[in-house]
Amino acid sequence: DAQQALGRNKTDEAYRLAVQALDQAPSADDRDLLGWLVPNIADSLAAAKASDEADQLYHHAFPMVEQWSAVAVDPLLHLQQSYARFLINQQRLAEVPDAIQRFRNTLTAARGPDTGRLAEALQLSIDASRSRGAPEQALAEAEQLLALEESLAGDKSESYLRAVETLAELHESVGDLDHALLFRRKAIAILDARRPNNVNP
């Protein structure tokens, strides 16, 4: 109902219905859906210039989802990751590091300190640094991401390729075209290595 209200551009009604659903969620069989539905509704509220209501919706959802995170942690992880992204999009950059750290802490507590999903936290940090106009910080974080992806899946994986392309873009953004070219060539080499031997270029 909240999503339908958003489709009719009735943000106040959508927010009220979403809060009502949250209040009923603890006794619902499908309560875990909160971790995915709340970010969708919050993003739609923000897009409709109701960012305060979007923020309130997140903060209304967090205590509830945290209560049952010992049973199902993925809804909380998605909610935390989405909230960090929401803050970046809203240019509330001073709040972003704490939000990312909460996401990182939940990841390591649930999955261990070597979880590959730490790449998601690093990507958030890179995006925040870029939004903050701190390309050198973003470069340092992108180097960490590249090393992590290589340790997880080697230097031919899709995630490693994305990290290489991110580094190329960041070097271009600071005018370091020599390093950018090196990473562009590395990306091309990875793609070439995947091409079947019987396919002509």
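I'd like to know if segment 25-45 contains one or more residues that are open to solvent by less than 50 Å² (accessible area, probe 1.4 Å), at pLDDT 90 or above, in contact with a Ser or Thr (Cβ under 8 Å, 6 or more places away or on another chain) and over 22 Å from D74 (Cβ atoms).
Within segment 25-45, one or more residues are open to solvent by less than 50 Å² (accessible area, probe 1.4 Å), at pLDDT 90 or above, in contact with a Ser or Thr (Cβ under 8 Å, 6 or more places away or on another chain) and over 22 Å from D74 (Cβ atoms).
Among the numbered criteria (1) touching a residue at least 40 places away in the same chain (Cβ under 8 Å); (2) exposed (fewer than 15 other Cβ atoms within 10 Å of the Cβ); (3) of a type outside the set (D, E, K, R), which one does A147 miss?
The number of the failed condition is (1).
Please find, within segment 60-74, the residue that is farthest from L22 (Cα to Cα) out of those that are buried (at least 16 other Cβ atoms within 10 Å of the Cβ) and of a type in the set (V, I, T).
V73
Give the residues of segment 1-30 that are within 25 Å of the chain's Cα centre (by Cα) and touching a residue at least 40 places away in the same chain (Cβ under 8 Å), sorted by residue number.
Once the filter is applied, which keeps residues that are within 25 Å of the chain's Cα centre (by Cα) and touching a residue at least 40 places away in the same chain (Cβ under 8 Å), segment 1-30 yields Q3, L6, T11, Y15, V19, L22.
(1) at pLDDT below 95; (2) open to solvent by less than 70 Å² (accessible area, probe 1.4 Å); (3) not aromatic (F, W, Y): which one isn't true of R92, the others all being true?
Among (1) at pLDDT below 95; (2) open to solvent by less than 70 Å² (accessible area, probe 1.4 Å); (3) not aromatic (F, W, Y), the lone unmet condition for R92 is (1).
Which pairs turn up if I take residues in segment 161-190 that are closer than 15 Å to E149 by Cβ and modelled with pLDDT under 95 and look for partners that are open to solvent by 50 Å² or more (accessible area, probe 1.4 Å) and not in a helix (DSSP H, G or I) with beta carbon separation below 7 Å, at least 6 apart in sequence or on another chain?
I190/K156
Check segment 107-127 and report whether any residue there is more than 30 Å from S69 (Cα to Cα) and surrounded by fewer than 19 Cβ atoms within 10 Å (Cβ to Cβ).
No, every residue in segment 107-127 fails to be more than 30 Å from S69 (Cα to Cα) and surrounded by fewer than 19 Cβ atoms within 10 Å (Cβ to Cβ).
So which residues in segment 128-140 are open to solvent by less than 20 Å² (accessible area, probe 1.4 Å) and either over 15 Å from A168 (Cβ atoms) or in contact (Cβ under 8 Å) with a residue 60 or more places away in the chain (or both), if there are any at all?
A128, S129
Check off (1) open to solvent by less than 30 Å² (accessible area, probe 1.4 Å); (2) modelled with pLDDT of 95 or more for A50 and give me the number that stays unchecked.
A50 satisfies every listed condition except (2).
Consider A153 against the criteria (1) surrounded by fewer than 16 Cβ atoms within 10 Å (Cβ to Cβ); (2) closer than 30 Å to D32 by Cβ; (3) modelled with pLDDT of 95 or more; (4) of a type outside the set (K, R): it satisfies all of them except one. Which criterion is unmet?
Every condition holds for A153 apart from (3).
The values are calculated or read from the model by the stated rules, or taken from the named source; none is laboratory data. Keep in mind that this is a model prediction, so the values were computed, not measured. Because the Cβ atoms are built from the backbone with ideal geometry, glycine has one as well, and the counts that use them run over all protein chains shown. SASA here: full protein model, heavy atoms, side chains in, ligands and nucleic acids out. Shrake-Rupley method; radii C 1.70, N 1.55, O 1.52, S 1.80 Å.
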